[in-house]
1. Could you sort K298, K431, K380 by accessible area so the largest value comes first, with the probe set to 1.4 Å?
2. Name the chymotrypsin sites (Phe, Trp or Tyr not before Pro) in segment 49-124 that are in a loop by DSSP and that have at most 12 other C-beta atoms within 10 Å, would you?
3. Contour minus end-to-end for E120 and M179, with contour as 0.36 nm per residue of separation and end-to-end as the Cα-Cα distance?
4. For R401, what accessible area in Å² do you get when you roll a 1.4 Å probe over the heavy atoms of the protein chains, rounding to the nearest 10?
5. Where the centre of each part is set by its Cα atoms, how far does segment 359-427 sit from segment 123-182, in angstrom?
6. Want the number for F108 to K12: 0.36 nm per residue separation, take away the alpha-carbon distance, what's left?
7. Which ³J(HN,Hα) values in Hz, rounded to whole numbers, follow from the phi angles of segment 412-420 under the Karplus curve 6.51 cos²θ - 1.76 cosθ + 1.60, where θ = phi - 60° and Gly and Pro get x?
8. For segment 75-210, just say rounded, prolate or oblate: build the C-alpha gyration tensor, square-root its eigenvalues into a ≥ b ≥ c, call rounded for a/c under 1.5, and beyond that prolate if a/b exceeds b/c, oblate if not.
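The values are calculated or read from the model by the stated rules, or taken from the named source; none is laboratory data. Nothing here was measured: the structure is a model prediction, and the numbers come from that model. All Cβ positions, even for glycine, are placed from backbone atoms using ideal geometry, and neighbour counts span all protein chains on display. The accessibility values were calculated without ligands, DNA or RNA, using every heavy atom of the protein model including side chains. Shrake-Rupley method; radii C 1.70, N 1.55, O 1.52, S 1.80 Å.
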Amino acid sequence: MLRFRDYTIPRKLTLMNMLVSSTVLLLASAGFFGYDLYNFRKRIVRDLGIQAQIIGANSISALTFDDPHSAESTLSALRAAPHVMFAEIYAPDGRVFAGYRRDPSRSFPPPPPIPAGSAEVHQFQNSQVALVRVIAFEGKPVATIYIRSDLQAMNDLTRNFSFIVAAVFSMSLLATTWMSSVARRSIAEPIVRLAETARLVLSEKNYSVRASTIDEHGEVTVLISTFNEMLAQIQERDAALGEARDRLEQQVQQRTAQLNAANADLEAFAYSVSHDLRAPLRHIGAFSRILSEEHDTKLDPDGRHLLNRIQHGVNNMSGLVEGLLRMAQIGRTNLACVATDLNALLKDVVTDLQPECEGRQVDWKIGNLSSVDCDPGLMKQVFVNLISNALKYSRRREIARIEVGQLEQDGMLVIFVRDNGAGFDERYADKLFGVFQRLHRVDEFEGNGVGLSTVQRIIKKHGGEIWARGEVDKGATFYFTLAPKSGRVTGATKTAVSGR
């Protein structure tokens, strides 16, 4: 069932007009009827009192000479009053002196008592009115007259008044309906059309439509004109915004093409430089090794120290070149994703890294990982880099603890590698995955700053994300996904991800 606020504006106006006019008419009719009814009752009592006074005056002689027949003759004159049903004259001792009944077969209740100090009393009951009046002669009561009348005249008045109210009410409804139709055409219908236009603009985002105007001067016309002007301004701004958006998209496409070309040139340059540096580095390394092996006895301690520094620098440079080559190859290589058992892949990685664990106590905690679609070669490189870092930064611990596992974050698989090593300050976490960026000195932990950048490039190539949590001297945890990561972390998953 529709509520009033859900009705259309024309229907609301019609109902409101009908309600107001009906309420006013009913209140006015009730007031007039109540006033007429009050006056009519007073008139009936006044008429009965006058009749009782006339009958009493005409019956004094009959009462004086004790002539009931003469009194009854006087009462018989009441036949001319069609609504008088009964009348009796009582002697001072209370006996019935004379009476009149329009219907002799009917009986009537006794007269109501007259209060002390009053000469008359009346009472309305059972659609009748009863009046009792004292008849006095020379200041002394000589009799009492009791008259009863029906209220048929009042009923006729009520019926006639109801007919009049019904006729006026019908005419009022007709007039209200006509006025509502006029108001609907001049007020409601333009507003409804305006609402339809607004709904069309909202649903279709078409700012070229306009609300139809009316040939009148008033607030509704001003409203429609203002709405159309607003649509015109929005249309102009939307057109300007569309042109700006098109220009921006074109600029973005141009910048993206330029950036892709620059990245391609940079990768090609890095690959070319790294590749071309390998031969000179091999020559330097080979000649320094020959010099160390065949002419070691001819070198003094300072010479041997300088030669060792050359060899150490060559080794570091070779590692850096290899890292750059791997990064360049990742950007130039297409993914070959297949269903990969990460447990088997992780087992091979741990086996390959066993030489780095010699002479150390390592507490491995390897969880049961899922099978995922990925490039197995690149994914192995991810685990090699992350676990190698975990072994490197935890080597100062008496017992190194390395944990590899997975958890679920917002319905997404998250894999993590955790250690109890040196950790890092999370204020500088954004530098972890930058090329040549390091959070520890070279004399503390060796490295060239390329490994984690390579890992990030592999993960992003798979459409995933990688991030880290850590605390200085309390270890670090690296998390990664192989699908776009949700930015929301809640519940137990958030606790697990936040880690330390």
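1. On the way: K298 155, K431 90, K380 70 Å².
From most accessible down to least: K298, K431, K380.
2. Working: sites: F65, F86, Y90, F97, Y100, F124; in loops: F65.
Passing both the DSSP loop test and the Cβ count: F65.
3. Working: separation 59, 0.36 × 59 = 21.24 nm, distance 5.45 nm.
Full extension from E120 to M179 adds 15.8 nm.
4. Here the residue's solvent-accessible area equals roughly 120 Å².
5. So the separation of the two Cα centres works out to 103 Å.
6. Working: separation 96, 0.36 × 96 = 34.56 nm, distance 5.67 nm.
This chain segment gains 28.9 nm when fully extended.
7. Computed from phi, the couplings for segment 412-420 are 10, 6, 10, 9, 9, 10, 10, 9, 10 Hz.
8. On the way: a/c = 6.00, a/b = 4.41, b/c = 1.36.
Prolate, since a/c reaches 1.5 and a/b exceeds b/c.
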